[in-house]
Each structure stands twice: as structure tokens, then as C-alpha cells.
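Chemist: Pasting a structure below so you can have a look.
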Amino acid sequence: MFKRFLGVKLSIGAMLFVAWLSSCQRINQSSESKDFEDAKEFLYVQHATWVAVQIAEHINSTGSTLGLNTFMMDSLSKQLKSTYFIKDSSYLDNNGIEYELYFNPQNASIYNPYQHFTSYKFDGKLKVIIDQNYREIGSKSEIIIEESNPFMIDYPSFGMVKIFGTIEMERIAVSTINIKYKDFKVVFDSDKFNWDADIEYSWLSGAETDGLWNDQIQFKGNGYLAEQNDSNDKAEFSIVNVLTKSFEPGCSDYFQFGSLSLKTHDDEFLIDFDPFKNGSCSSLVRISNRKGELEFVGP
């Protein structure tokens, strides 16, 4: 589905990965790397769509009870390498809290020991609205990303992924948030795709602490990615075994445990984020289909 859009850049990258992985004897030699392109590309897309949620989640949790203040936002903007604009900082006016985050990829080159979300460069803007105390059951929030200023992540081995639309979040239990994507688009390699997902985001530990630092999070749910001009060309995913990640230095980019299935127009994959069953913080995943399997270093 996606492979015809990527051109020479991914082909070269794929060959380099194959050469390196083959030297480590990590590829099933009966399979070709090109047989797994759809699954590899999906890994970058899902990473970009979930990073935006993690950024907003960290800020929302930190300012959950008292609302936002300039001291807190100054600290958070340094952590996230961003600038901010508070439009509403109090729950008392019945309008909730509203803020905007602006990212500049130049900031990403600055060393930051507190950066736990991702090692990649961000660009664009996130607008976040929260209707009431974020820790209360029933509280709702929105992450709004405008098409004119999309949220972007630059992956050196893949290229730029752009996302825009609305992410709706609702606390349905003390330690559980439901996430839905509304009119959401993903753009890469100059082509646009519809993204729709219903994700349950829950805490194994750290739910009562400020922010996400040192938290352990689980993901459940399903969704799809479809070419905008061809609704029949769809990649559907479902989380088979709960995906788990820890927000620690050098770890929060990666799922430590879990797997998901991915069905495209002409293939079906199983993506295992813990192929060696050791819970390591690593970007190495195992992708399997009817032709064999491939161990791949993803985002």
C-alpha cells in the first residue's frame, strides 16, 4: 500500500538496514526486506500519532489540579524544547484551560538531560483545551493540530511525517484515558492518509504523580490508516498483546512489551515489540508474515 510512495530514499535505507542486519544474522534469509515495507512504514506513522498525545498528557498531568502557570510552563517548555502561549489558565471561569505549544526543530539540537519523549526533532504547533480538573473522572481534553501548521517529526531513516486534526481524550477511570482521533490526517512523501484509532491509555504506575516522568503506560485498541483518495486501500491494526512503555531517560521512545497485528490490502503482519522477551528499551522489533520474518530497527 505505502511502499509505492517512498521512492529512492527508503529503498537505500532499507538496503543499508538489510546489510547491517544480515551481518548480525538477524534476518530470516528466506524473506526479502521489501516484503515488510508496509509494516515498517506503519511503525513510523503510529509513533508520530502517539507522541503528540504523550506531550499533551505530560503537561495536562503536571497542571492538573491548580491549572497552568508561567513558572510551570517555563520548566515544561525547556523539557519539551518548545515555546508556549497560555490562553486560559483557570478552571474557575468554566472555560477550562487552553494553551498552545510551538516547536522549533533548531531547539532539538540543544542538549537536554530531561528530554524523555523522543530523540527526534519536532516542528509545528499543538493547541490543547481541557474542560475541568484533569484528574477527575469524566474530564475531557482536545489536542487540535491545524493543517496550516501541522505537527511534524523528522525521522532520519524515513523522512518527515506530518499529522493534523483533532485528538479527543476523556478520563474514563482513575488511571485510564480513552483517546479518539477525529478528522485526522497523516502526510508523508507528499501523500495524505486518513488515520482513525480508538486507544485506551492506562497507567501501571505513576498515575498520581505530576507529569509522565517515571510512569509506566499501557496501550490497548485498534484503528486504521487509509489512503485519502482510495478508501479501499486500508491498513487496519489491532493491539494483540498490551503495548507497554516506561517514561525513563532513553526508554520512552520504545515499547518494552506487546505486539500488534496489521492487515493491509494484500498482506497480514504481526509486529512484536519484545522479540527476545527481555523487556529491553530498544527499537528492535520482529515483523512476521506468511513469507517469513524480519528483525528491524524502527523509530
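Chemist: Give me the number: length gained by fully extending Ser261 to Val297, i.e. 0.36 nm times residue separation minus the C-alpha to C-alpha distance, one decimal in nm.
Modeler: Between Ser261 and Val297, full extension yields 11.2 nm more.
Chemist: Here is a further query. What FRET efficiency comes out for Glu248 versus Met160 if R0 is 30 angstrom and r is the Cβ-Cβ distance? Round to the nearest 0.05.
Modeler: 0.65
Chemist: Relative contact order for region 152-285: what is it in percent, counting Cα pairs under 8 Å that are at least 6 residues apart?
Modeler: 14 percent
Chemist: Any idea what log10 I(q)/I(0) is at q = 0.11, 0.16 Å⁻¹ for region 173-270, Debye with uniform C-alpha scatterers and no solvent?
Modeler: -0.41, -0.80
Chemist: Something else: Using a 10 Å cut-off on Cβ atoms, rank the peptides 261-269, 145-153 from the highest mean neighbour count down.
Modeler: 145-153, 261-269
Chemist: Residue separation times 0.36 nm, minus the C-alpha to C-alpha distance between Asp74 and Asn232: what's the value?
Modeler: Here the answer is 52.3 nm.
FYI, it's all coordinate maths here, none of it is from the lab. All figures in this text were calculated on a predicted structure; none of them were measured in a lab. Ideal geometry is used to build each Cβ from the backbone, glycine not excepted, and the neighbour counts take in all protein chains shown.
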